[in-house]
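The values are calculated or read from the model by the stated rules, or taken from the named source; none is laboratory data. Keep in mind it's a predicted model, so treat the numbers as computed, not measured. Methodologically, a virtual Cβ is constructed for each residue, glycine included, from the backbone with ideal geometry; neighbour enumeration extends over all protein chains shown.
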Amino acid sequence: MKSTLTPLFIALLLAGCASVPPIDASRLPQAPAAYKTASADAPALQAAWWQPFADTTLDDLVARALAANTSVQAAANRLAQARAALGGAEAARLPQLGVAAGAGRAADPGLQGVSQYSAGLNLAYELDLGGRLLHERNASALDVQAREQLLADARLLVQANVARGYLAMRALDAERELVRSTVSAYAETLALTEKRARAGDVADLDVARVRTELAANEAEAFALDRRRVELETALAVLLGEPASDFRLAPAAWQTALPVVPAGLPSELLQRRPDLAAARSQLLAAQARVGVAQAAWWPSLTLTAQGGGASSELSNLLKSGASTWGVGLLAALPLFDGGRREAGVNTAKTQLEGSSIAFREQFLLALKDVEDQLGALSLLQLQGEANARAVAAAGQALKLSDTRYRNGLVSQLELLDARRSELANRRAALQVRSAQYQATVGLIRALGGGWSPNTVKLAGV
């Protein structure tokens with residue numbers, strides 16, 4: 001008996017010397033003390049972060065996207081698969097009970113046929129000596145957590161993309177309206193110039209110049225129309241609706257622009273679901289090292305069975321035909337060609353890969369926040385400069401138009417003033433649009449919204 005148990009105790013000793021390697025926290029990135037461009041306030045998070053934009057159309061689009069977006073549905077399906085796998089891992093740790101029945105016929109030495117019938121219950125329970133089943137269960141539970149967080153991240157990404165697409169369309173509607181008003185102004189100028197040309201006050205060259213400007217702005221208006229179609233179809237895909245059926249009528253750009261109080265960087269891990277998912281995946285990889293190391297332990301299963309066996313079917317359930325038994329099944333591979341060692345090494349390299357992936361995701365998250373905070377700060381200054389440029393260009397156009405009508409300046413000066421005024425107004429609209437896009441980008445980078453102290457209307 002002693003010689004029989006020797007390999008078992010050797011295996012237990014080897015496995016006891018191995019433990020799941022800890023995660024080296026020093027190799028993981030640490031949040032900085034503060035962002036480069038942020039306040040130290042950490043306002044409470046708000047799940048429906050898009051509501052401070054105070055736009056009922058945006059609210060409706062986000063709700064429709066969350067209900068029918070295919071990326072969200074795919075993430076939900078992956079979560080369901082992970083939960084099913086967890087159920088299997090938990091079931092493996094429980095006793096297994098089954099029913100067995102059989103019937104057969106054999107020949108005795110006298111060449112006479114003998115029938116044999118049996119029925120009973122079988123019970124089996126694996127003793128988790130090395131913790132393999134526990135590690136598998138823990139890894140599966142962490143997979144479920146990661147999938148839950150990735151589902152939240154998919155929802156956040158869809159919400160952000162819907163908001164960005166919608167806000168881009170509203171900005172484009174405002175720009176289209178501006179260009180079309182310019183087209184109307186050029187049409188009026190052309191009519192006036194043609195009238196003066198017929199009277200002999202201006203040359204045909206002046207007419208040709210105005211016609212050129214009119215045609216160029218008409219072409220630009222059509223280009224903006226084409227861009228709007230592209231945004232509209234992209235928004236339809238986000239909503240999970242056929243592009244041919246989706247319509248979003250042009251409307252005035254009245255969406256509010258929330259003031260952004262950035263939170264502390266130490267809260268970033270709690271806010272961003274993709275970082276939380278990366279952390280769960282890292283812990284799951286750590287648990288799978290334990291699964292691989294547990295392969296060095298012997299497999300030990302307790303079995304029990306009870307039932308009846310008889311040569312007559314009618315006697316099968318009688319007390320005289322009852323049988324029972326208990327057993328212990330042990331298995332210990334002595335030589336596997338290095339398979340178990342390779343499994344441990346593979347699990348450890350996967351753990352290292354998960355650690356690297358987490359570090360990369362963390363650094364990219366910090367970059368996203370810094371990019372959007374910096375963008376908002378600079379866009380504020382750029383918007384103020386644009387406002388001054390628009391006011392000056394408008395005054396210059398007004399003066400040039402008056403002087404041209406009085407014959408004091410050439411048509412070239414008037415056209416140049418109108419082009420400058422249009423360019424500056426379009427630039428101001430684009431900066432305003434960029435402020436909305438950066439605000440949504442910061443919300444996405446922080447992992448959600450907040451309860452804002454104030455909400456200012458765009459343009460105020």
Residue count for the range 316-352, restricted to those that are small (Gly, Ala, Ser), exposed (fewer than 13 other Cβ atoms within 10 Å of the Cβ) and at pLDDT 80 or above = 3
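Every residue, every condition in (1) of a type in the set (A, V, I, L, M, F, W, C); (2) free of Cβ contacts under 8 Å to residues at least 60 places away in the same chain, yes or no:
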{"position": "Ala124", "(1), (2)": "yes, no"}
{"position": "Arg132", "(1), (2)": "no, no"}
{"position": "Val183", "(1), (2)": "yes, yes"}
{"position": "Arg196", "(1), (2)": "no, yes"}
{"position": "Ala199", "(1), (2)": "yes, yes"}
Scan the range 55-98 residue by residue and report those that are under 29 Å from Thr255 (Cβ atoms) and either of a type in the set (Asp, Glu) or more than 25 Å from the chain's Cα centre (by Cα) (or both).
-> Asp55, Asp59, Asp60
Filtering the range 357-374 down to residues that are without any contact (Cβ under 8 Å) to a residue 60 or more places away in the chain and surrounded by 12 or more Cβ atoms within 10 Å (Cβ to Cβ), which residue is farthest from Gln437 (Cα to Cα)?
-> Glu360
Selection count where residues are outside any strand (DSSP E or B), closer than 27 Å to Gln81 by Cα and touching a strand residue (DSSP E or B) at 6+ places or on another chain (Cβ under 8 Å), scope the range 119-152 | 1
Note on the range 394-409: residues surrounded by 12 or more Cβ atoms within 10 Å (Cβ to Cβ) and part of a loop (DSSP other than H, G, I, E, B) are Val409
Counted residues in the range 185-194 being without any contact (Cβ under 8 Å) to a residue 60 or more places away in the chain and of a type in the set (Gly, Ala, Ser) come to 2
Pairs, please: C-beta under 9 Å, at least 6 apart or cross-chain, first residue within 14 Å of Ala139 (Cβ to Cβ) and in the range 75-87, second crowded, with 21+ Cβ neighbours inside 10 Å and at pLDDT 95 or above?
-> none
Those residues of the range 237-250 which are outside any helix (DSSP H, G or I), hydrophobic (A, V, I, L, M, F, W, C) and surrounded by 13 or more Cβ atoms within 10 Å (Cβ to Cβ) amount to Leu239, Ala243, Phe246, Leu248
Can you confirm whether the range 435-451 contains a residue that is assigned to a helix (DSSP H, G or I), within 27 Å of Leu224 (Cα to Cα), touching a Ser or Thr at 6+ places or on another chain (Cβ under 9 Å) and at pLDDT 90 or above?
-> yes
Return yes when Glu267 is at pLDDT 95 or above and either loosely packed, with under 15 Cβ neighbours inside 10 Å or farther than 30 Å from Asp371 by Cβ (or both) and no when it is not.
-> no
How many residues are among the β-branched types (Val, Ile, Thr) and either under 23 Å from the mean Cα position of the chain (by Cα) or within 22 Å of Thr56 (Cβ to Cβ) (or both) when one looks only at the range 221-250?
-> 2
The condition from (1) within 30 Å of Leu334 (Cβ to Cβ); (2) modelled with pLDDT of 85 or more that Pro298 misses is numbered (2)
Scan the range 210-239 residue by residue and report those that are of a type in the set (A, V, I, L, M, F, W, C) and in contact (Cβ under 8 Å) with a residue 24 or more places away in the chain.
-> Val210, Leu214, Ala221, Leu224, Leu231, Ala234, Leu235, Leu238, Leu239
Please work out if Arg403 is of a type outside the set (A, V, I, L, M) and in contact (Cβ under 8 Å) with a residue 24 or more places away in the chain.
-> no
Say whether the condition of being assigned to a helix (DSSP H, G or I) and within 30 Å of Ile443 (Cα to Cα) is met by at least one residue in the range 215-224.
-> yes
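To keep it simple, each residue is scored yes or no on (1) closer than 18 Å to Leu257 by Cβ; (2) within 41 Å of the chain's Cα centre (by Cα); (3) hydroxyl-bearing (Ser, Thr, Tyr); (4) outside any helix (DSSP H, G or I).
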site: Leu364; (1), (2), (3), (4): no, yes, no, no
site: Val369; (1), (2), (3), (4): no, yes, no, no
site: Ala387; (1), (2), (3), (4): yes, yes, no, no
site: Ala392; (1), (2), (3), (4): no, no, no, no
site: Ser433; (1), (2), (3), (4): yes, yes, yes, no
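Residue-wise test of (1) surrounded by fewer than 22 Cβ atoms within 10 Å (Cβ to Cβ); (2) over 30 Å from Leu61 (Cβ atoms).
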residue	(1), (2)
Gln159	no, no
Arg176	yes, no
Lys195	yes, yes
Val202	yes, yes
Those residues of the range 288-300 which are in contact with a Lys or Arg (Cβ under 9 Å, 6 or more places away or on another chain) and among the aliphatic types (A, V, I, L, M), in sequence order = Val289, Val291, Ala292, Ala294, Ala295
Sort through Gln380, Gln350, Gln395 and tell me the only one that's of a type outside the set (Asp, Glu) and closer than 30 Å to Ala292 by Cβ.
-> Gln350
What residue, of Val99, Val72, is of a type in the set (Val, Ile, Thr) and exposed (fewer than 15 other Cβ atoms within 10 Å of the Cβ)?
-> Val99
